[in-house]
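Notes follow once the structure below has been shown.
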Amino acid sequence: MIWLDGLVKAVILLNLLDLFFTLVWVGSGHAEEANVLLHALVREHPVTFVATKISLVSLGSFLLWKRREHPLAVCGIVLIFLVYYIILLYHLRFTSVFFTL
């Protein structure tokens, strides 16, 4: 299941990109964190926000990877990849609008 390994690695990369864009947009005052669990952290404790976001996504990815023989875990990996891919597209769209102003 090399493709599944690639998706898990892509999720980690997409999470890092989301983290970067979130810090830039929230830090510049152009956006707010959409995740209600992390909303307060990003402004008040950005280092804790980074550590928490990386830890949660990495742990979730690891747990799904460990259970990759189960179809539901595979569906979870694919779903998380799709969600982060859509988030990346949203960030890129926002970036393009921001730079065309």
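The values are calculated or read from the model by the stated rules, or taken from the named source; none is laboratory data. Worth saying up front: this structure is predicted, and the values here are computed from it rather than measured. Here Cβ is always computed from backbone atoms with ideal geometry, including for glycine, and neighbour counts include all displayed protein chains. The area values use the complete protein model at the heavy-atom level, side chains included, leaving out ligands, DNA and RNA. Shrake-Rupley method; radii C 1.70, N 1.55, O 1.52, S 1.80 Å.
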Q: Please name all residue pairs, on different chains or six or more residues apart, with Cβ atoms under 7 Å, provided the first residue is in region 75-93 and is at pLDDT 95 or above and the second residue is of a type in the set (Gly, Ala, Ser) and open to solvent by less than 50 Å² (accessible area, probe 1.4 Å).
A: Phe81/Ala10
Q | Selection count where residues are farther than 18 Å from Leu7 by Cβ and in a loop (DSSP other than H, G, I, E, B), scope region 41-82 | A | 1
(Q) Of the residues Ser55, Ser61, only one is open to solvent by 60 Å² or more (accessible area, probe 1.4 Å) and at pLDDT 95 or above; which? (A) Ser55
Q.
Need pairs with beta-carbon distance below 8 Å; first residue at pLDDT below 90 and within region 17-37, second in a loop (DSSP other than H, G, I, E, B); sequence gap 6+ or separate chains.
A. none
(Q) Any residue that is under 11 Å from the mean Cα position of the chain (by Cα) and under 21 Å from Cys75 (Cα atoms) - is there at least one of those in region 15-37? (A) yes
Q. Can you tell me how many residues in region 15-40 are charged (D, E, K, R) and either part of a loop (DSSP other than H, G, I, E, B) or exposed (fewer than 14 other Cβ atoms within 10 Å of the Cβ) (or both)?
A. 2
